[in-house]
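Structure record follows, encoded as structure tokens.
The values are calculated or read from the model by the stated rules, or taken from the named source; none is laboratory data. Computed from a prediction, not measured in an experiment: that's the story for all the values here. Accessible surface areas use protein heavy atoms only, side chains included; no ligands, DNA or RNA. Shrake-Rupley method; radii C 1.70, N 1.55, O 1.52, S 1.80 Å.
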Amino acid sequence: MTTTNPEGALLELGFTDTEAKLFCELTRIGPATGYRLSKAVSKAAANTYQALESLSQKGAVLVDDTDGKTWRAVPADELIAALQSGFQQRSETALAALKTLQAPQAEARLYALKTPQQVLARARAMIASAQSVLLFDLFPEPFAALEDDLLRAVARGVSVAGQIYAPAHTELDVVLAPGSPAQIDAWPGLQVTIIPDAREHMVALLSRDAERCLHGVWSDSPYLACVQHSGLAAELVLGAQTSGRPLKFKPALFASRPPGLDELLGPPSGD
């Protein structure tokens, strides 16, 4: 959620109500004592000093002890830079700790996706994990958001092909869906489909302004992923034949033989 209220913006960054009020008051009036600030924000002196110490730990205020304790707010850009640096350090520490956890084996279930951010984050993770074959079906806005991720997969040697709904100057192997303008107008949102290696799949529908996730599911079921891969591959082959632009590889399930198919059936005979 985006806010233009200064105190509300700080609350969204994890500040307490008292911290937000104190920082904004210091920014407005300049350096001040804790006593003056407690009166200005109508907070008990003990709570005010506690919040000021917390703000100091956050890098949000400076304290002058030379002639009575006086507090001063740091400039907004300096505050945001300090918060970003701290968040980056905490994120890296958390990531290292989380990677020590052992993930269970795939459960072959369907999981709901609730936000556009969750959809795009899951899509990028799926693209990054692809090893062999990746198919996609993307409306223009999601395609623009994910094109660089898809290109990086190609650079790693992944065979990537997909269906798009508006002409695009791209190095990716794409098929322009027949009747694209009409499909965009008729479809109730922005389509996002990602199928890496036929091991997992995601199908989501974002609102036209990309602010909400209307429908979204992800599954780690190789069976469901193989079914989705097979259906989308058929669309891609038909679209390529219609346009007279051949695909760079054969995306059909048994022709491309993605890892998920081997997990479902076992390795091909002779392997």
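When DSSP beta bridges are restricted to pairs lying wholly in the stretch 110-222, around 65% turn out antiparallel. Of all DSSP beta bridges confined to the chain, the antiparallel ones make up roughly 70%.
Each residue of the stretch 221-226 in order: what ³J(HN,Hα) in whole Hz does its phi give by Karplus 6.51 cos²θ - 1.76 cosθ + 1.60, θ = phi - 60°, with x for Gly and Pro? Ordered by residue, 3J(HN,Hα) equals 7, x, 4, 5, 5, 5 Hz. T115 contributes about 60 Å² of solvent-accessible surface, heavy atoms of the protein only, 1.4 Å probe. Computed extension length for R36-R72: 11.7 nm, one decimal, from 0.36 nm per residue of separation with the Cα-Cα distance subtracted. Within the accessible surface of the chain, defined with a 1.4 Å probe on protein heavy atoms only, the carbon and sulfur portion equals 55 percent.
Taking every alpha-carbon pair under 8 Å whose residues sit at least 6 apart, the stretch 1-54 reaches a relative contact order of 31 percent.
Multiplying the residue separation of A112 and A82 by 0.36 nm and subtracting their alpha-carbon distance yields 7.3 nm. Taking every alpha-carbon pair under 8 Å whose residues sit at least 6 apart, the chain reaches a relative contact order of 14 percent.
Accessible surface area normalised per residue over the stretch 144-197 is 45 Å², counting heavy atoms of protein chains with a 1.4 Å rolling probe.
Working note: Karplus 6.51/-1.76/1.60 with θ = phi - 60° gives the stretch 179-187 the couplings x, 4, x, 5, 5, 4, 5, 7, 6 Hz, where Gly and Pro are set to x. Probing with 1.4 Å while keeping every protein chain in the model, the per residue accessible area of the stretch 45-86 equals 60 Å².
Extension gain, F254 to L62, is 62.6 nm, computed as 0.36 nm per intervening residue step minus the present C-alpha separation.
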